[in-house]
Amino acid sequence: MKIAFVGKGGSGKTTLSSLFIRHLAANEAHVVAVDADINQHLGAALGLDEQEAAALPAMGAQLPLIKNYLRGSNPRIASAETMIKTTPPGEGSRLLSVCEDNPVYDACARTVRLDDGEIRLMATGPFSESDLGVACYHSKVGAVELCLNHLVDGPEEYVVVDMTAGSDSFASGMFTRFDMTFLVAEPTRKGVSVYRQYKEYARDFGVALKVVGNKVQSEDDLEFLRAEVGDDLLIGVGQSDWVRTMEKGRPAPFELLEADNRMALQALQDAAEDSYSLRDWERYTRQMVHFHLKNAESWGNEKTGADLAAQVDPAFVLQEHRAKADAAQPA
């Protein structure tokens, strides 16, 4: 299942997403974690030192490889150069799965060993000074969106994406790629402002959204969040001595995380599993096509010099059973 963590800068979404990833690994789930934030902090939150985090390969730099691999033998895609971030798969496309080995993971993913297991970690790459005036961060995140469009995941398989702060993910259709979106909000007026944006944008697309109250210190904080977000509030999380120790570079074993915070993480997993059970593959594929046609008309056709609407395979529906068959294609 595909899970997104969103929220305003400083809300604690990266910390919570890293705790959720650790929780999943401790429960023996298969996890691909993706740092899609403009500020690349997920690796550090998962225990990498500065040198290890800086050595993570940038997905944005591997976009030609990603396109060439995913294109496969799809006759509707004339060349990798005509693929854009929203290009959907069709017959002949190569699909990704969580547990397999493939050239995309070889180039873009690194194994991170945690206390109770290991995960694959991928990162878009940072937005550097050399990008100013010549690049848009959305183009870097486009590598993530293209992979999500071609990724088939099943039960006990998790793709956890730490999204860019604020509402930037609505610049494309990536916000519809997830079975569950956890919006991390502090119990303040500014803290819930991003929630209102997400709720408004996501309303027409059936996006499953739950609010995780962070830095909750009292029942009054919880009452404030309930009044602001209603039934979308899933749970509140308080201060954590374990997290403070980890952020000082002296991490304790994950099994020592406070019991109430472990229960909160289990509540997130339960909500994600409930949402995944409702996944509609046809709607998922239809929304993918919707945003591709929208992007093609607004900028894609002009940029590539091709009619990108022709890339849509009207008979194709992304489904779990397709992953094994398409993985069998020669690389």
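The values are calculated or read from the model by the stated rules, or taken from the named source; none is laboratory data. Source: prediction; values computed, not measured. Note that each Cβ is placed from the backbone with ideal geometry, even for glycine, and that neighbours are counted across all protein chains shown. Note: accessible area is taken over every heavy atom of the protein model, side chains too, but ligands, DNA and RNA are not part of it. Shrake-Rupley method; radii C 1.70, N 1.55, O 1.52, S 1.80 Å.
Using 1/(1 + (r/R0)^6) with R0 = 22 angstrom and r between the beta carbons of Ser218 and His41, what's the FRET efficiency to the nearest 0.05?
Values: r = 28 Å, r/R0 = 1.26.
Between Ser218 and His41 the formula returns 0.20.
Measure out, as a whole number of angstrom, how far apart the alpha-carbon centroids of segment 230-276 and segment 35-100 sit.
Cα centroid to Cα centroid, the span is 28 Å.
Quick one: plug the Kirkwood hydrodynamic radius of the chain (C-alpha pairs) into Stokes-Einstein at 4 °C, 1.567 mPa s, and report D in µm²/s. Numbers along the way, then the final one.
Numbers: Rh = 20.3 Å.
It comes out at roughly 64 µm²/s.
Based on the alpha carbon coordinates of segment 212-258, what radius of gyration and maximum Cα-Cα distance (Dmax) apply, in Å?
Rg then Dmax for segment 212-258, in Å: 13.4, 38.
Ignoring any ligand, DNA or RNA, what whole percent of the accessible area of the chain comes from carbon and sulfur when the probe is 1.4 angstrom?
49 percent
Report for the chain the percent antiparallel among DSSP-assigned beta bridges with both residues inside it, nearest 5. Provide the component values of the computation, followed by the final result.
Numbers: 6 of 37 bridges.
Looking only at bridges with both residues in the chain, the antiparallel portion is about 15 percent.
Checking the table Lys8/Lys85; Lys67/Lys190; Lys67/Lys215; Lys85/Lys210; Lys190/Lys248 against a 31 Å threshold on Cα-Cα, which pairs fail?
Working: Lys8/Lys85 24 Å; Lys67/Lys190 39 Å; Lys67/Lys215 41 Å; Lys85/Lys210 26 Å; Lys190/Lys248 27 Å.
Lys67/Lys190; Lys67/Lys215, as the Cα separations exceed 31 Å there.
Any idea of the accessible area per residue across the chain, 1.4 Å probe, to the nearest Å²?
For the chain, the solvent-accessible area averages 45 Å² per residue.
For a quick check of your reading of the filter: which GluC sites (Glu not before Pro) in segment 43-129 sit in a DSSP loop and have no more than 16 other Cβ atoms within 10 Å?
Listed in order of number, the matching sites are Glu91, Glu100.
Report the residue, chosen from Ala227, Ala306, Ala78, that carries the largest GNM mean-square fluctuation when the chain is represented by alpha-carbon nodes joined by springs under 10 Å.
With Cα springs under 10 Å in the chain, the top fluctuation among Ala227, Ala306, Ala78 is at Ala227.
So how much slack lies between Glu258 and Arg244, counting 0.36 nm per residue of separation and subtracting their Cα-Cα distance, in nm? If you can, show how the numbers build up before the last one.
On the way: separation 14, 0.36 × 14 = 5.04 nm, distance 1.20 nm.
That works out to 3.8 nm of additional length.
So what is the 222 nm mean residue ellipticity for the chain from helices alone, if each DSSP H run of at least 4 adds -39500 (n - 2.57) and you divide by all residues, rounding to the nearest 500 deg cm²/dmol?
Helix-only estimate at 222 nm: -11000 deg cm²/dmol.
Rounded to whole Å and ordered largest first, report the semi-axes of the equivalent ellipsoid of segment 194-299 derived from its Cα gyration tensor (root of 5λ).
Semi-axis lengths for segment 194-299 are 33, 18, 15 Å.
What is the set of long-range amide H partners of Val34 at a cut-off below 5 Å, with H atoms built 1.01 Å from backbone N?
Met122, Val160, Val161, Asp162
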